[in-house]
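Following: one structure in C-alpha cells, then a few remarks.
The values are calculated or read from the model by the stated rules, or taken from the named source; none is laboratory data. On a predicted model such as this, the values are computed, not experimentally measured, just so you know. All Cβ positions, even for glycine, are placed from backbone atoms using ideal geometry, and neighbour counts span all protein chains on display.
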Amino acid sequence: MRRKLAVFVSIILVLILTFTGCGGSGGGADSGSDTIKIGWIGSLTGDQAVWGKCESQTLQMLIDQKNEEGGILGKQIELIPYDTRGDANEAVNAVKRLVSQDKVVAILGPNASGQALAISAALESAKVADIATVATNPKVTVDDEGNVKPYNYRICFIDPYQGAVCAGYAADKLGYTKAAILYDVASDYSQGFSQFFEETFEAKGGTIVAKEGFKTGDVDFRPQLSKIKAAEPEVILMPYYYKEVALSANQARELGIEATLMGGDGWPSDQLMEMAGDAIEGSYLVNHLDFNDPEVKPLQDAYDEKYGSVLELNGYMVNDAFLLLTAAIEKANTTTDSDAISKALCEVEVKGVTGNIKISPETHNPDGKEAAIVKIENKNYVFQEKYGVN
C-alpha cells in the first residue's frame, strides 16, 4: 500500500513540475507564447490621470505600429497595463501581478518617483526590469549607500540636475539673487527638487528668503504665500504638479505677488493652462524637450490622429522608453529572458524625441541629457534654449 502511495505521489510531483516549471527566465515569461508581454503601470485615476492616460495610450499606439511592422524578433507585442491610482502600494501590487501572473518580460512607467521607489524589491525578486518615465528622484535607481538598483532604470534626468538647472538659470540667466520656495512636503519629487535648487542657488551667491511647505491635497496656500510675500523674493520655485501649481499661482497673484514663478517637469499640461490662465504668464520651467521641435511633430500628429487630443509630456517620455526597451530585446536576442533584457538596457543607444538615450551602468540614468528651458507666453510653452550645469 505504501509503495502504491509513493508511486502516486511521484506521478503527481512530475505533473506539477511539468506544468509549472517551463516558464522563461527572470519573471517567468512563457517561452512558448506567440507574444512578448510588456507591462505598464501608472495613474489612470486621480490627479495625475491626465499624464497616465496619455502615457498608456501613446504606448499602445507605438506597440500597434510596431506590430504592423512585424513586432520584435518575429513576435507580436502585448501590452498589459495597470492603474496605480497614484498610490505606491498599488504600484507594488501591480508589479507583483505583472511578473507572477501575467509573465511580462519588462515594465514601463510609472511617471511618479514615490511609486517608482516602492517597486524596487518586487522587481529584484522577479529579475524584471522597469523603465520609469518621469520619476526624477535620485533614489529611484540608486540606494542610500550609492549602489545601483539592478532592475530600476529611467529615461529622464534626475532632481539634482533639474533643481540645479532651474537655480542656475534663475541666477545666471535671469539675474535673480532672492528666491523663495513653496514645496510639497509629502512628495519625494518636490522635496528633492527643492533641496538641489536651494543648494545651487546659494552656491551661486543667492539667498533663499523664504521656504514654506504644504501637503498633497491642500487647496489653500494663502498662509504660506503671505509669508513669502513679506520676504519680497524675485522668484518663487513651485516644484510640484499642475493642479497645485494652478491653485497656488492664482492665489499668489490674488495676494499681489509679482515675483517670477519657476517649476519643473511636473508643470507641463494643457490642464495647467486652463486652470492657471494669466497667473502663470511669464513663468519659466525646466522640461525634457522642446514641444515645438520639428523632430517631435510626427509623434504629435500620430497621437492627435488616433486619439484626437494633444500629446502630453509623458507621451514623449514613454516613446523613448519603448525605443530603448525594443533595442534591448533585440540586443539580448531573446523574448523570454527578462534578466538578459535588463542587462542589455545598458548596452544599447537610441535616438529619441527627448535626445540620445544611453543608460549609465553606474546609475541607470541616461547620460548627458540637456534640459530645455521653457517660458510660458500667451498660454503657450515657448522654448528658450537648451541649458545644462556641470
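Listing for the model above:
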read-out	value
Selection count where residues are farther than 15 Å from residue 324 by Cα, within 15 Å of the chain's Cα centre (by Cα) and among the charged types (D, E, K, R), scope the range 126-159	2
Residue under evaluation residue 338, criteria (1) of a type outside the set (Lys, Arg); (2) crowded, with 23+ Cβ neighbours inside 10 Å; (3) over 21 Å from residue 69 (Cα atoms); (4) within 19 Å of the chain's Cα centre (by Cα), criterion not met	(4)
Hey, residue 237 surrounded by fewer than 16 Cβ atoms within 10 Å (Cβ to Cβ), in contact (Cβ under 8 Å) with a residue 60 or more places away in the chain and aliphatic (A, V, I, L, M) or not	no
Hits in the range 306-318 - residues which are in a helix (DSSP H, G or I) and surrounded by fewer than 24 Cβ atoms within 10 Å (Cβ to Cβ)	306, 307
Matching residues in the range 236-271 - criterion: being over 23 Å from the mean Cα position of the chain (by Cα) and closer than 16 Å to residue 195 by Cα	236
Unmet requirement for residue 329, which otherwise passes all of (1) within 20 Å of the chain's Cα centre (by Cα); (2) aliphatic (A, V, I, L, M); (3) assigned to a helix (DSSP H, G or I)	(1)
Flag for residue 106 being surrounded by 24 or more Cβ atoms within 10 Å (Cβ to Cβ) and among the hydrophobic types (A, V, I, L, M, F, W, C)	yes
Test: residue in the range 238-251 that is assigned to a strand (DSSP E or B) and modelled with pLDDT of 95 or more	no
Leading residue by the ranking (farthest from residue 291 (Cα to Cα)) among those in the range 344-390 that are surrounded by 15 or more Cβ atoms within 10 Å (Cβ to Cβ) and free of Cβ contacts under 8 Å to residues at least 60 places away in the same chain	344
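To keep it simple, each residue is scored yes or no on (1) among the aromatic types (Phe, Trp, Tyr); (2) outside any strand (DSSP E or B); (3) surrounded by 19 or more Cβ atoms within 10 Å (Cβ to Cβ).
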site	(1), (2), (3)
45	no, yes, no
58	no, yes, yes
62	no, yes, yes
80	no, no, no
